[in-house]
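Asker: The structure follows.
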Amino acid sequence: MTFHAPANAPDDIIFVGLGEAVPDESFFNEPRNSVSFRIHQGTTAFGVSWRVDVAAHDTGNFHWTYYNEAVGRLPGPAGGTHTIQIRKGGSRATFEILDVGIIVTIPDLGKAAPFLYARASRIFFGNACGAYYFERPELSASP
């Protein structure tokens, strides 16, 4: 999946991941019962230097079952185009932002995000602001 961040866009967090993806009203409408990239974007990126995290969030304010903070950073307010790939095989998942070399592997999703196995999951992407553009995602299965 590829997304485009325009120059000096409003601050927002872009989410790309797997899970229920229903907004958690107790935590800024972040996707609940989901594991995802949390990509800070915009003019100031909320003051966190365009940080990229990978997190599994169930429900509640700042409550994660897995949290890997600052796995990388994207270029600043100039914006840009970035391609994300998520690979899952068995209980292992790898999250990548291909053009900047950010790679995070979660060896056991059952431990990191046990809620994924309790209900149907979705592949999701998006954010709250309309300034960002997402290309149509591609899905492929490998043996």
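Asker: Can you go through 94, 44 and tell me which one is β-branched (Val, Ile, Thr) and more than 20 Å from residue 8 (Cβ to Cβ)?
Answerer: 94
Asker: Right, next: Kindly indicate whether any position in region 34-48 is of a type in the set (Lys, Arg), out of contact with any strand residue (DSSP E or B) (no Cβ under 7 Å at 6 or more places or on another chain) and either part of a strand (DSSP E or B) or at pLDDT 90 or above (or both).
Answerer: No, the conditions are met nowhere in region 34-48.
Asker: Checking the structure you have, find out if any residue of region 86-103 is closer than 21 Å to residue 135 by Cα, small (Gly, Ala, Ser), surrounded by 13 or more Cβ atoms within 10 Å (Cβ to Cβ) and modelled with pLDDT under 95.
Answerer: Checking region 86-103: not a single residue is closer than 21 Å to residue 135 by Cα, small (Gly, Ala, Ser), surrounded by 13 or more Cβ atoms within 10 Å (Cβ to Cβ) and modelled with pLDDT under 95.
Asker: Would you check which residues across region 1-20 are under 12 Å from the mean Cα position of the chain (by Cα) and either of a type in the set (S, T, N, Q) or not in a strand (DSSP E or B) (or both) and list them?
Answerer: Within region 1-20, 1 is the sole residue that qualifies.
Asker: Within region 98-143, which residues are in a loop (DSSP other than H, G, I, E, B) and in contact with a helix residue (DSSP H, G or I) (Cβ under 8 Å, 6 or more places away or on another chain)?
Answerer: Of everything in region 98-143, nothing turns out to be in a loop (DSSP other than H, G, I, E, B) and in contact with a helix residue (DSSP H, G or I) (Cβ under 8 Å, 6 or more places away or on another chain).
The values are calculated or read from the model by the stated rules, or taken from the named source; none is laboratory data. Computed from a predicted model, the values in this text were never measured in an experiment. Here the Cβ is made from the backbone with ideal geometry for all residues, glycine too, and neighbour counts use every protein chain on show.
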